[in-house]
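The values are calculated or read from the model by the stated rules, or taken from the named source; none is laboratory data. Small disclaimer: the values here were computed from a predicted structure and weren't measured. Glycine also receives a Cβ, built like all others from the backbone with ideal geometry; neighbour counts cover every protein chain displayed.
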Amino acid sequence: MLLDVQNLETWYGPIAAMKGVNLTVAEGRITAVLGANGAGKTTLLNTLAGVIDPFKGKALFQGEEIQGLDADEIARKGLVLVPEGRQVYPFLSVRENLLMGAFARKDRDAVARDIERVHQWFPRLKERDAQHAGLLSGGEQQMVAIGRAYMSAPRLLMLDEPSLGLSPMLVHEIFGIILRIRDETGTAVLVVEQNAAVALKHGDDGYIMELGRIVAADTCDALSQKEDVREAYLGGGNGHEGQSGTAQRWKRRKTWR
């Protein structure tokens, strides 16, 4: 198992944001974590990435405990986060942003090859190579953020709400590239999403979080067929419900079968 999360718990002062989370990510798999705002999804990724220290529990990456390590040390081990909101360096060029992802690497030839690979996945970034990242569209900035993370040579790529603020066409394009990254490089992916339809369509394994806890886990195909999941996330199964509608439906759910 590439990542094994055991009873992980994170607190913000007196408030438990994440309670007893157990989760695994296998090699070469796309694992989706679904949930409404405030469910603890971003806290999970930030804890795994070393942005936040957990209160208790373990996170084993490639068999080694990583909970409580500094974020840069975790990234060097191959677990890399694409944060919510992209967080590109606005006054650096697209190429400079990509190279920032490779700051810890010494293999210059491989870095050059990886930039070419990112350009193959995202041709628009090659066209805008010298342009300041802050002048790009939201979708292009998401491409930069994913490309920058890949430049650090991850074994596990974690993405926090990659569809946020993007048009349906761009969401489809971004998730198509996520599949290509997995298929062409073997990189595992852990993606947090409110857009359940797209996450379940492209993911292999899925988890649902509610109020800091995992309340359901299965393959994405199986989750997409569960009545409760369809009602809470897919608008009764049509797959086109917006994120705000998803959150409202989630709040009305009382039990899970």
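Buried (at least 16 other Cβ atoms within 10 Å of the Cβ), part of a helix (DSSP H, G or I) and of a type outside the set (A, V, I, L, M, F, W, C): does that describe G147? When the stated conditions are applied, G147 passes them. Residue count for the stretch 51-94 satisfying the condition of being touching a Ser or Thr at 6+ places or on another chain (Cβ under 7 Å), under 14 Å from M158 (Cα atoms) and of a type outside the set (V, I, T): 2. When the strands (runs of 3 or more DSSP E) confined to the stretch 1-100 are screened for residues that are in contact with a Lys or Arg (Cβ under 9 Å, 6 or more places away or on another chain), those reaching at least 3 such residues are found at 3-12, 15-25, 30-34, 79-82. Residues in the stretch 76-92 that are buried (at least 21 other Cβ atoms within 10 Å of the Cβ) and either touching a strand residue (DSSP E or B) at 6+ places or on another chain (Cβ under 9 Å) or not charged (D, E, K, R) (or both): L79, V80, L81, V82, V88.
Within the option set A196, A217, being in contact (Cβ under 8 Å) with a residue 24 or more places away in the chain, surrounded by 20 or more Cβ atoms within 10 Å (Cβ to Cβ) and touching a Phe, Trp or Tyr at 6+ places or on another chain (Cβ under 8 Å) holds for one residue only, A196.
Comparison of E65, E96 shows that the only residue that is surrounded by fewer than 14 Cβ atoms within 10 Å (Cβ to Cβ) and either touching a Cys at 6+ places or on another chain (Cβ under 8 Å) or free of Cβ contacts under 8 Å to residues at least 60 places away in the same chain (or both) is E65. Condition test on I115, is it at pLDDT 95 or above, more than 26 Å from V51 (Cα to Cα) and either aliphatic (A, V, I, L, M) or touching a strand residue (DSSP E or B) at 6+ places or on another chain (Cβ under 7 Å) (or both)? Yes. Is there a residue being under 20 Å from T42 (Cα atoms), among the charged types (D, E, K, R) and outside any strand (DSSP E or B) anywhere in the stretch 221-236? Within the stretch 221-236, not a single residue is under 20 Å from T42 (Cα atoms), among the charged types (D, E, K, R) and outside any strand (DSSP E or B).
Residues of the stretch 107-128 that are under 19 Å from R76 (Cα atoms) and buried (at least 16 other Cβ atoms within 10 Å of the Cβ): V111, D114, I115. Listed conditions (1) modelled with pLDDT of 95 or more; (2) part of a helix (DSSP H, G or I); (3) closer than 25 Å to L2 by Cα are all met by V198, apart from (1). When the criteria are applied in full, A104 fails the requirement of being over 21 Å from the mean Cα position of the chain (by Cα), among the aliphatic types (A, V, I, L, M) and assigned to a helix (DSSP H, G or I).
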